Each structure stands twice: as structure tokens, then as C-alpha cells.
Amino acid sequence: MKLIAAMSGGVDSAVAAARAVEAGHDVIGVHLALAANPQKYRSGARGCCTIEDSHDARRAADVIGIPFYIWDMAEEFHDGVVEDFLAEYAAGRTPNPCLRCNEKIKFAAVLDRARSMGFDGVVTGHYARTQISENGKTLHRAVDHAKDQSYVLSVLTIEQIAGAIFPLGDTTKVDIRKEAEARGLAVAQKPDSHDICFVPSGDNAGWLRDRLGSETGPIVDQDGNKIGEHKGAYTYTIGQRKGLGLTVPTADGSPRFVLKIEPVTNTVVVGAREELAITTMRGERPVWCGPKVTDKEQAGFVQIRAHGAALPCTYHFDGTLLVANLSEPLLGLATGQAMVIYDGDRVVGSATICQTQ
Amino acid sequence: MPSIYVDHAATTPMSPAAFEAISTQLQVLGNPSSLHTHGRSTRKSVEDAREVIAKQVHCLPSEVIFTASGTEANNIALKGLYWQGRSQGKNVVVISAIEHHAILDPAQWLKDHEGAELITVDVTADGVIDLVSLKNIIDKKGSEIAVISIMHANNETGTLQPISDVVAMAGQIPVHTDAVQSFKKIPLSFSQLGLYAMSLSAHKIGGPLGIGALILKRAVEIPALLHGGGQEREIRSGTLNAPSIVAFAAAAQDEYQIAQVIELRNEFIKQVKEQFPDVIINGKNVDRLPGIVNVTFPGTQSDTLLLLLDKANVSASTGSACSAGVHEASHVLLAMGHTQQSAQSSLRFSFGSTSTHDDLNFILSVLPDVIARGRAANTK
């Protein structure tokens with residue numbers, strides 16, 4: 001196949017590109033420039049798409065022996081990922097930008113462009129697997145569960161999965177680094193990136209404050225009594241206990257947790273821990289990574305964070321929303337996050353959490 | 001599979017004579033600044049080369065200052081002439097809107113860090129500087145201008161600039177020209193033009209990479225960028241790169257196949273216009289360098305076209321990229337009135353002495369598919 005390998009300048013995408021070449025594909029390396037004004041250097045695990053990263057990607061492509069280009073996706077990234085991130089926070093939800101980037105950039109803008117240019121698909125260094133079965137090409141967890149990235153890929157449609165190649169899903173990260181070393185790739189020991197790439201300082205709250213302002217507002221209990229003041233509602237997360245700065249103690253001295261963020265009234269609602277417990281979540285804008293979910297209740301697992309636990313549940317689709325009923329109550333679930341349904345290791349689909357109870 | 005190179009304005013193959021010269025000189029021992037036999041022998045080769053370059057551009061041998069690049073020559077000239085002017089109370093730097101980054105960026109630096117007032121001369125839709133606007137600037141600011149720097153021919157479109165008119169208008173004001181693209185492609189006479197300074201580069205004419213020259217009028221003393229051993233009129237210290245210098249001179253004596261290059265260029269334009277009637281040939285109404293064609297293909301993105309051409313074994317150019325490697329809309333095309341979008345739909349094809357009709361036919365055979373896919377992939 002003729003493939004575009006998305007190369008970030010990190011070890012994973014470099015080995016993925018090398019493996020695709022070795023598998024006999026005709027591969028071209030592409031580094032996505034996602035920041036309009038990239039920083040020169042990367043600092044530790046923070047940030048990506050610095051100029052240094054693009055040099056690392058170019059060098060890896062040269063060592064692998066494939067052509068290399070840089071594609072400017074800064075505008076698409078800003079509109080589809082950064083603006084979405086801000087809008088979600090402003091609406092009191094907690095978004096996952098990596099998921100949005102896969103949905104709108106890597107497997108949309110890049111895959112579409114690649115296909116128009118005559119390529120068959122996009123290779124990335126994500127830790128995930130695909131399988132061909134009677135249901136077509138399906139998406140599965142990586143062998144290395146600690147590194148598994150199927151959660152952030154759960155927004156891919158069947159069409160997009162058809163054009164996605166993940167060569168690393170069968171290997172652990174430790175072995176990928178060894179392989180990179182053996183292949184003579186200078187990025188073999190380059191640190192992983194963890195934080196949000198467009199917040200290079202790592203200070204999410206500060207970054208949001210600079211863009212959304214820091215309008216103070218009330219912190220209230222469940223009866224609506226004001227018991228404190230916050231410095232920008234979006235810097236709080238459901239389930240958060242620390243940093244509330246409350247001076248009025250509860251009657252029994254038990255701690256308070258953030259229960260709700262109400263952007264319209266700029267209010268943060270706090271309450272007792274048990275108030276956080278939920279057993280049902282509903283998600284909007286569902287995406288199916290394989291056969292469509294029906295109104296028939298199925299047993300499976302739901303995951304609500306990139307590296308969170310798979311929680312046993314039953315699930316169905318009510319025609320508008322994806323509904324998951326948990327076997328055990330869960331504490332602290334923010335809307336805006338993705339709920340991803342698994343059938344064993346297979347990704348069934350995902351939706352953006354809009355209601356919990 | 002053929003491998004077609006149509007990016008001679010970026011760099012061009014080293015000529016056999018230059019290759020022979022550099023190979024031979026690399027085996028010769030001696031620092032040209034040393035006073036003994038070995039040193040004097042190398043020095044003689046360097047001075048022979050200097051005379052060759054001087055003869056080619058009609059200047060005195062002592063007016064040739066060897067540098068490591070055209071960029072360095074531009075930096076020495078612009079900054080040096082500015083600093084010299086500033087010491088006499090003149091702080092205005094005048095450049096055109098279509099200069100190479102090796103002038104644009106030092107000029108901006110002089111503004112940001114050295115107190116220069118930077119004035120940019122506009123260009124016409126065909127990419128030629130507007131002499132009326134230059135005259136207005138000189139009339140208004142003449143006594144404050146430290147240096148005027150206007151390129152001899154533009155590197156992206158090939159359009160020639162009216163340098164003799166500029167010099168005539170400038171009177172006593174020092175004029176520098178970046179002649180990197182013009183040297184050996186069209187007649188170029190430092191003395192006839194009456195310039196203060198002119199920049200050249202070896203690798204654009206079949207010499208090696210990493211060697212250039214600043215032609216600087218005799219007895220013009222400007223502050224140096226590099227201080228050290230005092231070589232090159234104390235304007236450019238550093239051990240002279242004798243092997244590259246002799247190869248530069250060898251390349252300068254080669255004959256440029258001007259008629260052949262013009263014929264290929266014209267044939268290319270004719271055929272491209274036939275294949276794609278909606279293309280724009282940038283600068284088409286004015287005199288241009290023989291080898292450069294800049295084409296706008298509406299409805300495409302040039303970085304996509306470059307990738308597809310490259311995949312089809314054709315090396316062309318999108319113009320400049322920023323330090324992150326991202327293709328940018330050409331400031332030259334923008335200055336000529338293009339929109340961001342149309343500027344980003346343009347490619348430069350540049351032919352050289354080694355270009356052939358077979359090259360041309362091959363490019364024309366792959367272009368339809370490249371442009372069709374490029375249009376399909378266009379997202380802007």
C-alpha cells in the first residue's frame with residue numbers, strides 16, 4: 001500500500017514508520033506542524049511539534065530511508081482542537097484534546113488529504129491494534145495495556161479505521177525503545193510526551209485563565225448557600241476536593257467535593273462525597289467503531305479516562321444517546337469526557353458524556 | 001526511472017572545471033596568510049582566482065572580498081554600510097519588498113536592534129520595483145539614507161530590477177545589490193552600474209557550496225562582522241578557503257548556455273499554458289532571468305504539488321519555508337498582489353545549463369496527474 005506515516009519526532013511514530021516500510025509498504029513521512037508559532041525546543045515531557053521535534057522526525061525519516069515533508073495543519077488544529085478545548089471548558093465540561101485531534105486532524109484532515117493524493121492510509125505510532133473479522137476492520141486494545149491508546153482512537157469511524165495502520169499494537173513500549181535503538185534511531189530514549197501539547201507550560205489552569213479570563217463567582221452548597229468564591233469556574237473539575245479555599249466547615253467536618261459546574265451562572269456547586277456517586281451515564285454524538293449498538297442491552301465495559309479502568313456495565317443506544325449502566329457506583333464523573341465501550345479488547349464505540357445520574 | 005532536477009535557482013550541479021579545481025587545491029598544503037613558500041603558493045592561487053572573479057564582474061581585484069556565502073556578503077554589506085552611515089547621522093535603510101531573506105532579515109534586525117528606520121519600496125504586479133515610489137523616498141529622506149539595497153534579479157520570479165536607474169537616482173547614497181541569481185546568467189558589470197557593493201555566490205553558477213563574495217568599492221571602509229586575522233581588507237577575517245575560491249573562479253569561467261536555457265524555459269511556458277489555460281506566469285510582462293519560471297496553479301496548494309512531483313521524480317520548488325519547515329506564502333508574490341491563497345498555489349521551476357528537452361517532456365507528462373490530485377487534495 002501507499003501510506004503516509006505521521007511522524008511527531010518521537011520514538012513511537014519513528015518505529016511505526018520503519019515497521020510499515022519493512023512490511024513492504026511505500027511510505028512517505030509527514031510531520032504535522034500544529035502550532036502557528038512553534039517553540040524552538042521541547043522541555044522534558046511537555047509540548048510537541050517544536051522545531052526540534054520536526055528535526056527529529058526528519059532525521060528519523062532519513063535513517064529509515066523514506067521521503068519526508070512537513071504539512072501545515074496549524075489552522076485546522078487551532079479550529080478543531082484548541083478552540084473546541086476552550087469552548088468545552090467555557091461550557092463547564094472537561095474535554096480530551098488528544099481524542100479531538102485524532103478525530104479531526106490525524107484521521108480526518110490528514111487521511112482525507114492523503115487519500116486525495118493517491119495514498120491508501122495513514123500510519124501512526126499509537127498503541128492499538130486493528131483486526132480483520134467478519135465485521136470488517138475493527139479496533140482493539142494494544143497488547144501493552146499500560147500504554148494502550150485505543151481510548152483516544154475511539155472516535156474513529158469504520159471508514160477512518162479502514163485507512164488507519166497501527167504497527168505498534170503488538171509490542172510493549174520497552175521493546176519499542178529497544179527496537180528503535182537497534183534501528184539506529186536517535187530518538188530511542190527521547191522522553192514520552194504526557195501533557196497537552198498546546199499548553200507547553202503544563203499549567204492548564206493558567207493557560208485557560210489567560211484565554212477565558214478569571215471571573216470570580218460563588219461556590220455554593222447543594223441548598224444554594226454561598227460558602228466561598230472561585231477564581232474561574234472552568235479551572236475546577238468534578239470530584240475535585242483540594243484547592244477550594246472554603247472557610248465554612250460542614251456540620252460533621254467531612255470534606256466537600258465539586259459536584260457541578262454551572263457556566264451560565266458561573267457557579268461551582270460542592271457537596272458530600274457520596275453525592276458524587278453515579279450509576280448511569282449518557283453520551284451524545286456516538287461513533288461506532290464496528291457494528292452499530294442497538295437498543296438491546298449488552299454486557300461490556302466502559303472506560304471514561306485515557307488510562308482509566310474498564311468498568312463493568314451494560315449498555316445500549318436509545319436512538320439518540322449511548323447509555324451505560326454501571327455494575328458498581330462511580331465517584332466523580334465530569335461531562336465532556338468520552339465514554340468508550342469495550343467488548344473485551346474490542347472498541348465498540350464512544351460518545352461524549354452529557355448526563356450522569 | 002528518470003530523476004529530473006528543475007531547481008537550478010536553489011543550487012546547480014558543480015561544473016567539471018570547478019570539481020577539478022577544488023579536488024586539486026584540496027591536496028595543496030599552505031595557509032594563504034603564511035609568509036613562507038607553502039603559504040605564498042596557496043596565496044597565489046587565491047589571488048589568481050580573485051582576478052578571474054574581478055574580470056567577470058568588471059571590478060578591481062581588491063574589490064573582491066571572499067565570504068562563506070551570499071548571505072554573509074549581504075549581511076556584511078547591509079550592516080556595514082548602515083553602521084558607516086549611522087556614524088554620519090544617517091539611519092535610514094531602503095530595501096525592496098521582494099528581497100531575499102538574506103536582506104529582509106538583516107534589515108529587520110537593524111531596525112529591531114540598531115535603531116534603523118526601515119523603508120520598503122513596493123513592486124508592480126510584475127514584480128519590478130516602483131521607481132516613482134523610490135524617487136519619492138529619496139526626495140524626502142535622501143540626506144538620512146545610509147544604504148539602499150535592491151536585488152539585481154528576483155530569486156523566485158526571475159524578474160530583473162532597474163539597478164542602473166536606482167544608482168542614478170541615489171546619487172551619493174551607497175547602493176548595494178544582491179546579484180546572487182544574476183551572476184553568469186545575464187550581463188553584470190559592477191563598474192558600469194556604479195554600485196557600492198554587490199553580493200555573489202558560487203554554488204548558483206556551478207561552484208561549490210559555502211563560498212561567496214562581496215564586491216565592495218575600493219576605499220569604502222565599513223565595520224566588520226567577523227574580527228580576527230584581518231584578512232580581506234579587515235572586513236572579513238578568517239583563513240581563506242583556497243580550494244573553494246579556486247573552484248568558484250573555475251565555475252565563473254564556464255559558459256552559461258543562455259540560448260538553450262531560454263528556449264527550454266519558453267517551451268515550458270508554452271506547453272504549461274496549453275495544458276492548463278488557467279495558470280498564471282508570474283512576472284510574464286517584464287524581463288526575467290533565462291531559467292526561472294514561476295507558475296500559479298489555481299486551486300492547489302504548492303506543498304502538495306511539491307510532494308506529488310517529488311514522488312514522480314521531479315524536483316521543483318515552492319519558494320521559501322519558515323524555520324519550522326512549514327511552507328509559507330511567498331512574500332514576493334504577496335508583494336506582487338497575490339492573495340495568500342494564490343501565493344500558496346505557486347511553484348518555481350528553474351532550468352540550468354544541464355537541463356534538456358527530455359527533462360521538459362518528462363515534467364509535462366507527469367504534470368496533469370499531479371495537478372489533478374493536487375486540486376482534489378486542496379483543502380484551503
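Quick notes on this one:
- Annotation: amide H-H contacts under 5 Å for B:M151 (H modelled 1.01 Å from N, sequence separation of 5 or more, or interchain): B:S96, B:D178.
- Remark on the range B:16-252: hydrodynamic radius 18.0 angstrom, per the Kirkwood mean of 1/r across alpha carbon pairs.
- Net charge, A:C313 excluded, C-beta distance under 14 Å - Lys, Arg +1, Asp, Glu -1: -2
- The GluC sites (Glu not before Pro) found in the range A:267-329 that occupy coil by DSSP, while having at most 12 further C-beta atoms within 10 Å, are A:E297.
- Our note on the geometry: Cα centres of the range B:240-318 and the range B:175-236, 24 Å apart.
- Over 26 Å (Cα to Cα) - which of B:K90/B:K204; B:K55/B:K284; A:K137/A:K296; B:K90/B:K185; A:K226/A:K260 fall in this group: B:K90/B:K204; B:K55/B:K284; B:K90/B:K185
- Max mean-square fluctuation residue, GNM over chain B, Cα-Cα springs under 10 Å, options B:S23, B:S244, B:S350: B:S23
- Anisotropy class of the range B:1-103 from Cα gyration tensor, a/c 1.5 cut: oblate
- Of the three principal axes defined by the Cα atoms of the range A:213-270, the extents in descending order read 35, 20, 17 Å.
- Candidate lysines - alpha carbon under 17 Å from A:K190, same-chain residues fewer than 8 apart omitted: A:K40, A:K147, A:K173, A:K178
- Comparing A:S116, A:S201, A:S150 in a Gaussian network model of chain A (Cα springs below 10 Å), the most mobile by mean-square fluctuation is A:S116.
- Mean residue ellipticity (222 nm) of chain B, computed from DSSP H runs ≥ 4 via -39,500 (n - 2.57), nearest 500: -12500 deg cm²/dmol
- The convex hull built on the alpha-carbon positions of the range B:257-378 has an orientation-averaged projected area of 7.5 nm².
- More than 39 angstrom apart: percent of Cα pairs within the protein assembly as shown: 50 percent
- Loop-resident sites, the range A:97-198, for trypsin sites (Lys or Arg not before Pro), counting at most 16 other Cβ within 10 Å (DSSP): A:R183
- Within the shell defined by Cβ-Cβ distances under 14 Å, the residues around B:E51 carry a net charge of +1, with Lys and Arg each +1 and Asp and Glu each -1.
- Cα centroid separation, the range A:116-192 to the range B:118-163 (Å): 54 Å
- Centroid-to-centroid separation of the range A:317-357 and the range A:236-297 [C-alpha atoms, Å]: 14 Å
- Under 12 Å, Cβ to Cβ, from B:V314 - net charge with Lys/Arg +1 and Asp/Glu -1: -3
- Gyration tensor verdict on the range B:235-308 (Cα atoms; rounded if a/c is under 1.5, prolate if a/b is larger than b/c, oblate otherwise): prolate
- Rounded if a/c under 1.5, otherwise prolate or oblate - the range B:135-282, Cα gyration tensor axes: oblate
Values in this text are rule-based calculations from the coordinates and carry no lab data. Note that the structure is predicted; figures quoted are calculated from it, not measured. Cβ: placed from backbone, ideal geometry, glycine included. Neighbour counts: every protein chain shown.
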